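Contents: one structure, followed by commentary.
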Amino acid sequence: MDFDLSDEQRLLKDSVVRVVSDAYGAFEKRREHQAGPRGWSETLWTRYAELGLLGLPFAEDDGGFGGSAIETMIVMEAFGHGLVVEPYLATVVLGGGFVRLGGSAAQRARLIPRIADGSLRMAFAHVEPQARYHLADVATTARPDGDGHVIHGAKGVVLHGDSADLLVVSARTAGGRRDREGISLFLVDPAATEVTRRGYATQDGLRAAEIRFDGVRVGADACIGRLDGGLALIERVVDTALAAVAAEAVGAMEALQLTTVEYLKTRKQFGVPIGSFQALQHRAADMLVALEQARSMAIYAAMMADTTDAAERRTAVAAAKVQINESARMIGQAAVQLHGGIAMTQEYKVGHYFKRLTMIENFFGDTDTHLRAIAAAGGLGDAA
């Protein structure tokens, strides 16, 4: 595998890093963006659209720029470094991923240009309280009604669901609650009177929502992908999202590692910088090793995210998630410990990075969940 970036990819990285540095370079700016009515900056969202970031992963024929998971990795790593709060993951990777990979020609033509120009925000409403990381565990129902369906149920922790203009909702159209077959995906207008949203801030400074569907009707053109066969599409989009958050985690871990090393150089004890103590130097070196291990697996996940072999892709992404989780916890804990009490204050950025990494650790499956998936697949095998 060639891990080197192309010239175009390097230019993309430089431009994204520059934008994030300008918008989030001072940590106080993040709080200003969070204070907006949506919990993020609409001005920055427009800026991302102007740079082509919102249309990056979509095909040129659909109004995008034909990027791959590698380009998404570049953007997400920069966003992780800056602790960006805009709904890029929710709209472009998750919601947009369903349209890109499962949408009809008419759906792609209608929605992708609006995602790319920043006028449409999307969210994926899938998680339910009883599911516990089980993607096939869907209790929300969609019953046939004429040429459409009527949806009843509730979804929780819908990332940026409170500001989304359009929802991708998973619902059971056949079978039992945990059956692989019988899950369908629908586009739902959250402004419908039968939809109730309760938005809130999450621990990492982003936004989420609890959403209820009390008999909202959707037409035949609202179904994404094959009726009763939506789980395979969900798994593919979730794998793409896991590869994206792996890159985001690497950006956050790198920021923590650099911040900690700088603190060790400037914080003095007994008249000398604490970075001169050998035990702390070893701790900082361990952080760097964990970071590079995570970076390698994030690149691996990005390179495997676009493969059509579902079993190979899922195993590779699960392995990357395990390493990301382990590195994130080690680096986050070490950063807090080496900084001392200041790291736990709301005014200092270290604790906020640790919170985001902790949320990523549990995003669509914790470490044990993905270890079980790898074991069930018999290990990485030839995929490694």
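Scanning the stretch 113-135 for residues that are under 22 Å from residue 215 (Cα atoms) and either in contact (Cβ under 8 Å) with a residue 60 or more places away in the chain or of a type in the set (Ser, Thr, Tyr) (or both) yields 123, 124, 125, 126. The residue that is farthest from residue 301 (Cα to Cα), among those in the stretch 68-111 that are among the hydroxyl-bearing types (Ser, Thr, Tyr) and over 15 Å from the mean Cα position of the chain (by Cα), is 104.
Among all positions in the stretch 189-207, there is at least one residue which is under 23 Å from the mean Cα position of the chain (by Cα), on the phi < 0 side of the Ramachandran plot and among the aromatic types (Phe, Trp, Tyr). In this entry, residue 108 is excluded by the filter for residues that are of a type in the set (Lys, Arg) and touching a strand residue (DSSP E or B) at 6+ places or on another chain (Cβ under 9 Å). For the stretch 199-238, a residue qualifies if it is surrounded by fewer than 15 Cβ atoms within 10 Å (Cβ to Cβ) and either under 24 Å from residue 354 (Cα atoms) or of a type in the set (S, T, N, Q) (or both), and the qualifying residues are 200, 201, 203. Count of the stretch 249-275 residues, restricted to those that are surrounded by 18 or more Cβ atoms within 10 Å (Cβ to Cβ) and acidic (Asp, Glu), is 1. Each residue in the stretch 128-142 was checked for being surrounded by 13 or more Cβ atoms within 10 Å (Cβ to Cβ), of a type outside the set (A, V, I, L, M) and more than 21 Å from the chain's Cα centre (by Cα), and 2 pass. Picking from 28, 77, 50, which residue would you name as being surrounded by fewer than 22 Cβ atoms within 10 Å (Cβ to Cβ), at pLDDT 95 or above, among the acidic types (Asp, Glu) and outside any loop (DSSP other than H, G, I, E, B)? Result of the check over 28, 77, 50: 50. Is there any pair linking a residue in the stretch 59-85 that is under 21 Å from residue 112 (Cα atoms) to one that is in a helix (DSSP H, G or I) and of a type in the set (Asp, Glu), with Cβ under 8 Å and at least six apart or on different chains, and which? As it stands, the answer is 66/60; 76/248, since those pairs meet every condition given. I'd like to know if the stretch 138-151 contains one or more residues that are in contact with a His (Cβ under 8 Å, 6 or more places away or on another chain) and assigned to a loop (DSSP other than H, G, I, E, B). Yes, that holds for at least one residue.
The values are calculated or read from the model by the stated rules, or taken from the named source; none is laboratory data. Just so it is clear, the structure is predicted and the values come from calculations on it, not from any experiment. Cβ sites come from the backbone with ideal geometry, for glycine too, and all protein chains shown count toward neighbours.
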